[in-house]
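This report concerns only the one structure given below.
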């Protein structure tokens with residue numbers, strides 16, 4: 001009954017979001033607010049026009065919160081981390097407010113969105129809002145930047161930073177911030193106007209200003225030395241526990257608050273052809289000892305008073321998790337944790353039981369397109385049969401399992417899609433997985449598919465001139481399948497499977513159009529489990 005009450009309360013919140021969207025701001029979303037302004041957007045124009053528009057109630061509220069925070073802390077530098085496209089508009093509104101009221105404050109933009117989408121940034125107007133934009137792991141770039149702002153390092157020695165070079169050098173009156181930094185002249189008049197000059201009217205006239213990328217190419221701080229995450233100053237008791245779905249695994253992403261921690265930096269596999277394996281956050285794999293990880297866990301518990309942890313790795317390594325489980329048990333530490341893994345055969349029933357005893361309550365991993373042909377093309381390194389055995393081992397140990405699923409991968413046919421859904425149905429039926437989510441495949445410029453499309457049988461469509469964001473790239477798949485239409489049926493089936501409904505149905509019944517009969521034997525997963533017993 002308590003869960004149902006929280007679920008209904010969440011539905012009321014969604015109703016309030018609908019009110020805001022209809023009456024205040026048509027772009028409003030709790031998670032993907034104004035996402036279209038930044039998602040793979042080659043030009044800054046839509047964002048500039050939105051920022052130049054009169055503020056909405058949401059904008060005004062964000063402005064008041066920003067000014068209150070600046071007044072309370074009196075910062076000389078403000079770092080804004082943007083993880084997703086749905087955070088970009090708000091980030092620029094925050095910077096716009098700071099530049100209008102406190103032009104002397106240095107603003108810096110970074111985060112996951114920047115690291116993937118702004119690597120070819122060439123738009124000077126971005127620097128009407130942010131003085132610097134940094135790439136990849138932030139520790140080394142920020143330390144170098146702070147040294148520069150204190151006059152201890154020349155600008156030429158910045159690390160992975162975009163800056164604007166003005167057509168004319170700024171006058172002394174146009175200089176702001178700390179000693180050693182010349183704030184762009186566009187911000188000098190910001191105190192008189194709530195909008196930067198180039199944002200007014202939504203048109204660009206940056207003259208001959210240009211964006212320059214500077215990188216002294218200094219080594220990053222090792223993962224074992226980056227320190228422990230902190231939530232000091234955040235009102236942790238005021239964060240809402242949202243219950244979008246009653247499914248016990250699916251709810252973990254929004255139900256209650258979890259301390260975020262990373263077991264290792266990057267991905268130890270880094271081969272999947274749909275992934276951004278060419279970028280640092282995937283490509284550079286570094287681990288820390290179990291003792292260091294346990295020390296971080298202890299420090300976070302002491303700070304937050306909360307013992308729930310979400311390991312946000314791309315894929316937590318089996319050996320590292322075993323070592324951490326050993327250390328947690330040695331310290332007699334009682335925590336609850338969950339995180340992302342690969343469905344490796346290394347996760348034996350014995351290891352799964354040990355992870356459960358150490359506090360593991362759930363895991364999430366990529367099954368992607370449940371097709372051995374496509375899994376091989378993806379270089380996923382697993383088979384459907386192996387995934388069945390590993391997920392079953394976790395479930396038997398009392399650990400919930402979520403499967404990341406994919407559709408629309410290059411050369412995927414309608415038959416492949418129907419077969420994949422049949423595999424997924426059987427995995428739910430056998431109790432191997434309890435939750436899942438179908439993602440529409442997106443080709444990114446940093447993935448093997450985007451870098452070498454000919455190896456995957458597709459052709460990339462010509463891209464427009466890029467001055468702002470670049471990530472997703474359109475491609476032509478010779479199969480000509482309407483994956484968007486198939487996706488409706490996939491998500492409908494999955495939603496029902498997560499509630500234990502329709503598992504006995506022929507998968508073709510979920511589709512509104514005629515699709516072929518599955519080629520998969522209806523007892524494929526059962527046979528795989530019966531023939532795969534191992535200790």
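None of the figures in this text is laboratory data; all of them are computed from the coordinates on show. Keep in mind the model is a prediction, meaning the values are calculated, not measured. Don't worry about glycine lacking a Cβ; one is built from the backbone with ideal geometry, like all the others, and counts go over all protein chains shown.
Rounded to the nearest 5, what % of DSSP beta bridges with both residues in the chain are antiparallel? Intermediate results must be reported in sequence, preceding the final value.
Numbers: 12 of 43 bridges.
Here the share of antiparallel DSSP bridges comes out near 30 percent.
Which peptide among 136-147, 51-62, 223-234 comes first, and what is the full order, when sorted by highest mean count of other Cβ atoms within 10 Å?
On the way: 136-147: 19.1, 51-62: 15.5, 223-234: 12.6.
Result, highest mean first: 136-147, 51-62, 223-234.
Taking only the alpha-carbon atoms of the stretch 256-358, what semi-axes of the equivalent ellipsoid follow from 5 times the gyration tensor eigenvalues under a square root, in whole Å, largest first? Write down the numbers at each step before the final one.
Values: eigenvalues 110, 55, 28 Å².
Rounded to whole Å, the semi-axes are 23, 17, 12.
Would you mind giving the average projected area, over all directions, of the Cα convex hull of the stretch 223-530 in nm² with one decimal?
Numbers: hull surface 69.2 nm².
About 17.3 nm², averaged over all directions.
Based on the Cβ-Cβ distance from residue 230 to residue 1, what FRET efficiency comes out when R0 is 30 Å, to the nearest 0.05? Numbers along the way, then the final one.
Values: r = 37 Å, r/R0 = 1.22.
The formula returns an efficiency of 0.25 here.
What does the convex hull of the Cα atoms come to per residue for the stretch 356-398, in Å³? Walk me through the numbers before you get to the answer.
On the way: hull volume 2.9 nm³, N = 43.
For the stretch 356-398, the hull spanned by Cα atoms encloses 68 Å³ per residue.
Mind ranking 487-496, 378-387 by how tightly packed they are, going by the mean number of other C-beta atoms within 10 angstrom, highest first?
Values: 487-496: 18.1, 378-387: 20.2.
With the highest mean Cβ count within 10 Å placed first, the list reads 378-387, 487-496.
Could you work out the relative contact order of the chain, using alpha carbon pairs under 8 angstrom and six or more residues apart, expressed as a whole percent? If you can, show how the numbers build up before the last one.
Working: 965 pairs, mean separation 70.0, N = 535.
Reported relative contact order: 13 percent.
What nm distance separates the two modelled labels at residue 463 and residue 43, each placed 7 Å from Cα along Cα→Cβ?
1.7
When the helices in the chain are scored as -39500 (n - 2.57) per DSSP H run of 4 or longer and the sum is shared across all residues, what 222 nm value do you end up with, to the nearest 500 deg cm²/dmol? Walk me through the intermediate numbers first.
Values: 16 runs with 181 residues, N = 535.
Calculated mean residue ellipticity at 222 nm is -10500 deg cm²/dmol.
How large is log10 I(q)/I(0) at q = 0.17, 0.20 Å⁻¹ when the Debye formula is applied to the Cα atoms of the stretch 53-139, each weighted equally and without solvent?
-0.71, -0.97
Can you pull the one-decimal nm distance between simple spin-label points at residue 346 and residue 101, each 7 Å off the Cα toward Cβ?
Modelled inter-label distance: 5.0 nm.
Could you check what % of the DSSP bridge pairs in the stretch 223-530 are antiparallel, to the nearest 5? It would help to have the intermediate numbers written out before the result.
Values: 5 of 29 bridges.
Of all bridge pairs located within the stretch 223-530, approximately 15 percent are antiparallel.
Compute the helix-to-body angle for 483-497: its Cα long axis versus the longest principal axis of the chain, expressed 0 to 90° and rounded to tens.
Result, in degrees: 60.
Expressed as an acute angle from 0 to 90° and rounded to the nearest 10, what is the orientation of the C-alpha long axis of helix 290-304 relative to the principal long axis of the chain?
Result, in degrees: 70.
Whole angstrom only: what separates the Cα centroid of the stretch 40-81 from the Cα centroid of the stretch 438-466?
32
Note the per residue figure in Å³ for the convex hull of the C-alpha positions in the chain.
On the way: hull volume 87.4 nm³, N = 535.
That works out to 163 Å³ per residue.
Give me the log10 of I(q) over I(0) for the stretch 1-103 at q = 0.18, 0.20 Å⁻¹, as the Debye formula computes it from C-alpha points; what are the numbers?
Ignoring solvent entirely, the Cα scatterers give -0.96, -1.09.
What's the ranking of 322-335, 425-438 by average number of surrounding C-beta atoms within 10 Å, highest first?
Details: 322-335: 16.0, 425-438: 21.6.
The packing order, highest mean first, is 425-438, 322-335.
For a label point 7 Å from the Cα of residue 18 along Cα→C-beta, name the residues of the stretch 241-256 whose backbone N is under 17 Å from it.
Within reach of a label on residue 18: 244-245.
Report, in degrees rounded to the nearest 10, the 0 to 90 angle that the Cα long axis of helix 318-330 makes with the longest principal axis of the chain.
The two axes meet at around 90 degrees.
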